[in-house]
Amino acid sequence: MTAFTNVLGVSAATAADDKALWGKLEAASWVRDGSPKAPRTVYVITDPNCHWCHRFWEASRPWVKAGQVQVRHLLVGIVRPDSARKVAAILGAKDPAAAIEQNEVAFARGGIPPAFAVSKAVEQVLESNLQLMRELGFQGTPALIYQNSSGAVERVRGFPRSGRLDAVMGSPAP
């Protein structure tokens, strides 16, 4: 990805880079949480065992339930040994979005029960999402990618703090 350095010495992507990155995210394997007609989309690289991913899921509920934000979960299995099998349970469910919700609602009690095995198809999704995570420069979860109000792609490592959540979601909580 080509980048330039702005006056503050911070690397920033060009509009063409942003468009290419957004296209990669759209083409990736993700699970939608929220209305497909929501005006804002936030991609989150998440692990079903990640405490901070769970905190983001909880914090995002007002925007998702109000139809203002669609969260697209790119699932990885890196936090605990059973993470990949939990991803397999989510992706193998009749309704993966409902399975993510089941995992989050029961998070304090261990989340969704892991699948007995991880299929080749799920292994490919996990590898592809992990590769994308690394390509984007992230080393852990959650990792958030969204377009700001001017359309530029922004990245957030970890749980967004200190009012940054409003920027990610595009407005104060409804």
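Values as computed for the structure displayed
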{"read-out": "ALA106 versus LYS120: modelled label distance in nm, points set 7 Å from Cα along the beta carbon direction", "value": "3.0 nm"}
{"read-out": "Rounded to 5, percent antiparallel among DSSP beta bridges of the chain", "value": "70 percent"}
{"read-out": "Sites THR14 and LYS94, calculated FRET efficiency, Cβ-Cβ separation with R0 41 Å, nearest 0.05", "value": "0.50"}
{"read-out": "Values of log10 I(q)/I(0), in the order q = 0.09, 0.14, 0.18, 0.19 Å⁻¹, for the range 3-168 under a Debye, Cα-only, solvent-free model", "value": "-0.29, -0.70, -1.15, -1.28"}
{"read-out": "Sparse-neighbour loop sites [trypsin sites (Lys or Arg not before Pro); the range 64-144; at most 14 other C-beta within 10 Å; DSSP]", "value": "LYS94"}
{"read-out": "Out-of-range pairs (alpha-carbon distance over 22 Å; input LYS19/LYS86; LYS94/LYS120; LYS65/LYS120)", "value": "LYS19/LYS86; LYS65/LYS120"}
{"read-out": "Helix 51-65 vs. the chain, principal-axis angle (Cα, 0 to 90°, nearest 10)", "value": "70 degrees"}
{"read-out": "Angle in degrees between helix 15-27 and the longest Cα principal axis of the chain, rounded to the nearest 10", "value": "10 degrees"}
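Computed from the coordinates by the stated procedures, all read-outs in this text should not be read as laboratory data. Predicted, not measured: the structure shown is a model, and the values here were computed from it. Cβ coordinates were reconstructed from backbone atoms using ideal geometry, including for glycine residues, and neighbour counts include every protein chain displayed.
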